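Heads up, the thing below is written out as C-alpha cells.
The values are calculated or read from the model by the stated rules, or taken from the named source; none is laboratory data. None of the values given here were measured: they were computed from a predicted structure. Positions of Cβ are backbone-derived with ideal geometry, glycine not excepted, and every protein chain shown enters the neighbour counts. In case anyone asks, the SASA skips ligands and DNA or RNA and just uses the protein heavy atoms, side chains included. Shrake-Rupley method; radii C 1.70, N 1.55, O 1.52, S 1.80 Å.
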Amino acid sequence: MTIDKLYHPTETESRLYHMWEESGALGANPDAGRKPYTIMMPPPNVTGSLHVGHALVMSIQDILIRWQRMKGRDTLWLPGTDHAGIATQMMVERKLAREGRERREIGREAFLKEVWTWKEESGGTITRQLRRLGASPDWSRERFTMDEGLCKAVNTAFARLYRDGLIDRAERLVNWDPKLLTAVSDLEVDMKETQGHLWHLRYPVAGMPGRFIVVATTRPETMLGDTAVAVHPQDERYKDLIGKQVRLPLTDRLIPIVGDEHADPTVGSGAVKITPAHDFNDFAVGKRHNLPLITILDQRAHLLNDKHVPEAYRGLDRFVARERIVADLQALELVEKIEPHTHAVPHGERSGVVIEPRLTTQWYCYVDRPGGADGKSMAQRGIEAVEQGRIRIVPENLTNTYFHWLRNIQPWCISRQLWWGHRIPAWYGPDGAIFVAEDEDDAQTQAQKHYGAGKPVTLRQDEDVLDTWFSAGLWPFSTLGWPESTPDMKTYYPTDVLVTGNDIIFFWVARMIMMGLHLTGEVPFHTVFMHGLVRDGHGHKMSKTRGNVVDPLELIDAYGADALRFCLASQCTPGRDPRVSGPQVETMRNFATKLWNAARYCRMHECRPVASFLPEQVSETTNRWIIGEVALLAQRVDDSLEAFRFDDAATALYQFIWGTFCDWYLEFTKPRLTGENEAARAECRATVAFVLDKVLHLLHPFMPFLTEEIWANLTDGKGGALITAPWVKLPVDLADDMVSRDMDWVIRLISAIRTVRSELNVPPKAHISLLVKDAGADSNRRLMLHQENIRRMARISVIRSVLEAPQGTVTMPLDEATLILPLADVIDLEQERQRLTKEIRHLSDELERIAAKLANPQFVERAPEEIVNEQRARQAETVAALERLQSAHQRLSG
C-alpha cells in the first residue's frame, strides 16, 4: 500500500466516517462490563445548522469521547436535538405565509402536523453536518426533545414538581414579545445599544400650586400606567412631599409620592415614576408599597381601550402614542427638557422587535421554595452539590458566578404562548379548578373525584406550552429512559462531563443540576467544562453587522475537518474566549500536511511497526531520545486532557510532531535509513514506526480522519480501526535524562548556527568551519558523538577546538563554550555590517512612527478597534525583527 503525494480531506472524511458508523465503533454497550464514560450532547436546535460555536463544543466533546474510548471505557456520547419552540414555530409560520396560509386559520392540530412534517423533512440538517465535523456519538440512541419518551418525562416532572408545591400559576411581569405574542426567556432577549431620548416630565404636586416633581423616562407612553412617584427617604429635597400626591398629567388620577431606596438621589432629579405593570424594578417597588397594577398595553403593544387610557390614545401603537403624548405634554408645558440618550433596549432575539415587560398570568417554577423530603429548595441543593465537590465547575472562577445566581434566584416563568412544544399537563374543570396530571386520563380521574361525578367531566387543557429550557433541564436523564429505571439509566447516570458555553450557566446548567437532584436524587454530571465565546482572529465578537462571522462548513470545505478541530482545540483555554479564522485553520492544515509527508517518508523507507519491538532495548542515542520524548508527550497529553487543558494538549502535540519528530528526529534518521549498516537501519526503521504509531494514537482524538487514514497505510490495513485502538501507555522512565540533555544541546547548537547563517546571509550551500573554545568534557563528548549530524544539518566542514577566536569570525555562547564561525572567506563582513546598520535604522524609524501613533489618544480612541490592534501587532513584529538584526550586528561587531 502506498501513500498518495497529497492528502485529500474531502474524499477521505466521508469514507472513513461511514466505516466508523458501520463498524459499530460509536455504540455504547451497558452489558460490556467496562467502566462507563458518559457525555450528553447539548442538543442543538432542530432548526439549526452548524455554526462555529457548535464546532467548538462538539469538537471538545468528541476529543474527550475518543480519548476515553481508546482508554477502554464504555463510552456513551448521546446525541439529540431540541424542538426549539419559538424558532421552529417561526420557521413553519414563514413557510405557511409563503403558501398564503396562517396558523390560526388552519388551527392548532393542523399546524402541529405541518411542524412535524417540516421536522421530518428538514430537521436533520445539523446532525448530518456533525458527521462532517467527525463527531462520533452513539447515533443509535439519538433523541429529540419531543420524542414520546421525553414527553412522558416532561409531564412526570411537571406533575411531581406541582405536587411538591414548586410549580403554580401567578400574575407577574414577563418579557413579552409583541410580535410573537408570547413570553420569552432572558436568553431570547438581545440588549441593543439604541440612540433614543430621555424625556424630563413635570408632574404637578396636588394642593401645592406651582410645585412640580420632575421625573425622567425613556418610555413616556408608560406614564399612563404610573401609580406612584418614588423619592429616596433621606433626600432632603423631597422629605416634605412623601405621603403627598401628584396629579398624573393627561389623566384625572392622583398618585402618591412614596419614599423608597430604589430612587437614587444622585441620578437626574432624584425622583422616578413608578409603573408596576410595565417595569421589573417598578413591579418590586409596587409590591413593597401595595400599589395598584395598571396595564395600559395589549399583547401587541397597542394602548388599551380602557378607562385608564385617555380616549385620544386608545388603539395606538406604543411608538405612535409616545409621539402624541410627548406633543400633548409639551403643549401643557409639562416637558422640562429632552436629551439625546444612548441606552440598552431589549429586543426579541427571533422577532427583532422591542420587548415589553408585561403583566400576565403564567406558570412558574419556584426553585427557591423548600420542597421534597429534605425540606431544602432546589437552589439550595444545587449550591451544596458544588460546595461539597460532587460537581466540579471548570474554570473554577465560574463557581462564584453560579453561586451568586442561585443565591439571588427569581421564580422561573415556564409557560409560553405557543403551539409547538410540550403542552402544559394541566386541565381546567367547568368552574376553573386545575387538575395537573401526567396524562388526560389521570386528570379525568382527579376531576371526577373532585366533583363527586360518576361520569366524565368536561375538561379543557391549558393552551400554553412549556419553556424549552424545562425539557432541556431533564436532558441528562430523560434521554436514558427516566422516570423508568432502565438499564441505560442504571449504567450511564450520573454522567461524567457536561461541555457547554459559559453563557448558559443559568439557563441550562443550573437548571439541569436542580432538576436532576430533585427528581433523581443524584447530580446529573460530575464535571462541567464551560468554554468561552468563539471570536474572530482579532478577538472580536462575531456578528453579521461586522461581517466577521466564520462559517465552519466553509472552513471544512477549504481545509478539512481535522484542521478546524485542531485549531479550535489549540485555542480552548479555560476562562478565555477562543479565536478562529481562515489563516489559523490554514496553519493547522499545513500541520496536517507536515504529518502526512512524514508518514510518506516513513513509508518510503519501509518503516513498519514491529510486533517484537522493545523500546527500552534500543541502543542508538537519537532513537533512545525520541522514544523518551514520545513517552513524555503521552504523559503531557493525558495530564492535559484530565485537566481540560485542550490547548496544552494540542500545543504539546503540535510542537512534538512539527519540531521534535519531523524537523529534528527524521532529519537525524536519514544517514541511518540510507546507510549500509543493516542493524542500525533495522533499529531506526522500527523506532520511526513505533514513534509514528504512538503519535497517531495521541493525535487521533483531535484529528481523527487524518490519523485513521495514515494508520491504515502504516499497518497495511491490518491493524484494525484506530478509533478503537488502545490508548498510549508508556513508562516515563523511557526518557533518559542524560540523552535528553545531550540532544537538547545538539539541537541548540545546530539552531544557533542556522540562525547566524540566516541573519548574515551566508549562502545556503556554503560549508563553513566550526571552531569551539572553552568546551568542557560534556560538550566535547557531545561534539564527538554527534559530529556527523552537526556537520550535515548545520553545513559544517570542519569542527575543531581553539584557544582564541581568529579575526573575521562571528561568536556565540553555548553553555560554557563559545562557538566561533569564520565567515570572512564566505561573506563580506563590512558590507554585511553596513546592510544590517541600514536595516536597523529603517526599522527603528518605523518603530518610532508606530509608537507615536499609539501614543496619540485621539488615534486610540477614535480609530476602529481592528486598526488599533493591527498597529499594536505591527509594533510587536517590528520590535522582534529589530532585536534579531541588533543581535546579528552585535555578533559582527564583536
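Spatial offset of the stretch 180-194 relative to the stretch 541-602 amounts to 33 Å, using the alpha carbon center of each. Across Asp252, Asp168, the residue with the most accessible area heads the list, and the full order at a 1.4 Å probe is Asp252, Asp168. Solvent-accessible surface (1.4 Å probe) assigned to Trp199 amounts to roughly 30 Å². For Lys694, a cut-off of 29 angstrom between C-alpha atoms picks up these lysines, skipping any fewer than 8 places away in its own chain: Lys5, Lys35, Lys71, Lys594, Lys670, Lys718, Lys729. Taking the charge dipole of the chain about its Cα centre, with +1 at Lys and Arg Cβ atoms and -1 at Asp and Glu Cβ atoms, the residue from Leu699, Ala170, Ala824 reaching farthest to the positive side is Ala824. Amide H to amide H distances under 5 Å link Arg392 with Thr527, Val528, where only residues 5 or more positions off or on other chains count and H is placed in the peptide plane. Within the assembled protein chains, the solvent-accessible surface assigned to Ser612 is about 90 Å², based on a 1.4 Å probe. The smallest convex shape that holds all Cα atoms of the stretch 355-449, its convex hull, gives 194 Å³ per residue.
Think of the stretch 228-270 as having a plus end and a minus end, set by charges on the Cβ of Lys, Arg, Asp and Glu; of Ala263, Val246, Ala230, Val246 sits farthest toward the positive end of this dipole.
Loop-located trypsin sites (Lys or Arg not before Pro) across the stretch 653-748 with a Cβ neighbour count of 12 or fewer within 10 Å are Lys718, Lys729, with loop assigned by DSSP.
Put a plus charge on the Cβ of each Lys and Arg, a minus charge on the Cβ of each Asp and Glu, and nothing anywhere else: the dipole of the stretch 113-224 about its Cα centre is then about 180 debye. Mean residue ellipticity at 222 nm, helices only, the chain: -14000 deg cm²/dmol; runs of at least 4 DSSP H residues each add -39,500 (n - 2.57), and the sum is divided by the number of residues.
Take every pair of alpha-carbon atoms less than 8 Å apart whose residues are at least six positions apart; their mean separation over the length of the chain yields a relative contact order of 12 percent.
Taking a quarter of the surface of the Cα convex hull of the stretch 685-764 gives a mean projected area of 8.2 nm². Simple point charges give the picture: +1 on the Cβ of Lys and Arg, -1 on the Cβ of Asp and Glu, and for the stretch 17-148 a dipole about the Cα centre of about 400 debye. In this label model, Ala863 and Ser801 are separated by 5.6 nm, measuring between points 7 Å along each Cα→Cβ vector. Please state the relative contact order of the stretch 738-868 as a whole percent: Cα pairs under 8 Å, 6+ residues apart? Contact order relative to length: 24 percent. Does the stretch 758-855 come out rounded, prolate or oblate by the C-alpha gyration tensor, with a ≥ b ≥ c the root eigenvalues, rounded set by a/c under 1.5 and, if not, prolate when a/b is larger than b/c and oblate if not? Prolate, because a/c is 1.5 or more and a/b exceeds b/c. The accessible-area ordering, largest first, of the residues Phe566, Phe403 stands as Phe403, Phe566, per a 1.4 angstrom probe. Shape class of the stretch 207-293 from the Cα gyration tensor (axes a ≥ b ≥ c, square roots of the eigenvalues): rounded, since a/c falls below 1.5. Rounded to the nearest 10 square angstrom, Tyr654 shows an accessible area of 60 square angstrom against a 1.4 Å probe. For Lys337, the lysines whose Cα comes closer than 23 Å to its Cα, not counting residues fewer than 8 places off in the same chain, are Lys273. Farthest towards the positive end of the charge dipole of the chain, among the residues Pro209, Thr520, Ile723, is the Cα of Pro209, using unit charges on the Cβ of Lys, Arg, Asp and Glu. Overall, the chain carries a charge dipole of about 540 debye about its Cα centre when +1 sits on the Cβ of Lys and Arg and -1 on the Cβ of Asp and Glu, all other atoms neutral.
When you filter the trypsin sites (Lys or Arg not before Pro) in the stretch 490-558 for DSSP loop state and at most 10 other Cβ atoms inside 10 Å of their Cβ, you are left with Lys544.
Per-residue 3J(HN,Hα) values for the stretch 154-162, derived from phi via the Karplus relation 6.51 cos²θ - 1.76 cosθ + 1.60 with θ = phi - 60°, read 5, 5, 5, 4, 4, 5, 5, 5, 5 Hz in sequence order (x marks Gly and Pro). Within straight-line reach of Lys192, meaning a Cα separation under 20 Å, sit the following lysines at least 8 residues removed in sequence or on another chain: Lys179, Lys541, Lys544. Over the stretch 414-496, Cα pairs under 8 Å with separation of 6+ residues give a relative contact order of 33 percent. Cysteines in the chain lacking any other cysteine Cβ under 4.7 Å from their own Cβ: Cys151, Cys365, Cys413, Cys567, Cys572, Cys662, Cys684.
Projected onto its three principal axes, the C-alpha set of the chain covers 106, 70, 55 Å, listed from the longest axis down. Applying the Karplus relation 6.51 cos²θ - 1.76 cosθ + 1.60 with θ = phi - 60° to the stretch 756-763 yields 3J(HN,Hα) values of 4, 4, 5, 5, 9, 6, 5, x Hz, where x marks Gly and Pro. Rolling a 1.4 Å probe over the protein heavy atoms gives the chain an accessible area of 44 Å² per residue. Surface composition of the chain: carbon plus sulfur atoms hold 48% of the accessible area, using a 1.4 angstrom probe and ignoring ligands, DNA and RNA. When the GluC sites (Glu not before Pro) in the stretch 194-281 are filtered for DSSP coil states and for at most 10 other beta-carbon atoms within 10 Å of their beta-carbon, the remaining sites are Glu236. Quick check: from the Cα gyration tensor, does the stretch 553-699 come out rounded (a/c under 1.5), prolate or oblate? In terms of gyration-tensor shape, prolate.
In this structure the amide hydrogen of Phe212, modeled in the peptide plane, comes within under 5 Å of the amide hydrogens of Val205, none closer than 5 places in sequence on its chain. Taking amide hydrogens as placed 1.01 Å from N in the peptide plane, the amide H of Glu349 sits under 5 Å from those of Val189, Asp190, each at least 5 positions away in sequence or on another chain. What the phi angles of the stretch 651-662 give under the Karplus curve with 6.51, -1.76 and 1.60, with θ = phi - 60°, is a coupling list of 5, 4, 5, 4, 5, 5, 5, 5, x, 4, 7, 6 Hz, glycine and proline written as x. When Leu418, Leu332 are compared by accessible area at a 1.4 angstrom probe, the order from most to least is Leu332, Leu418.
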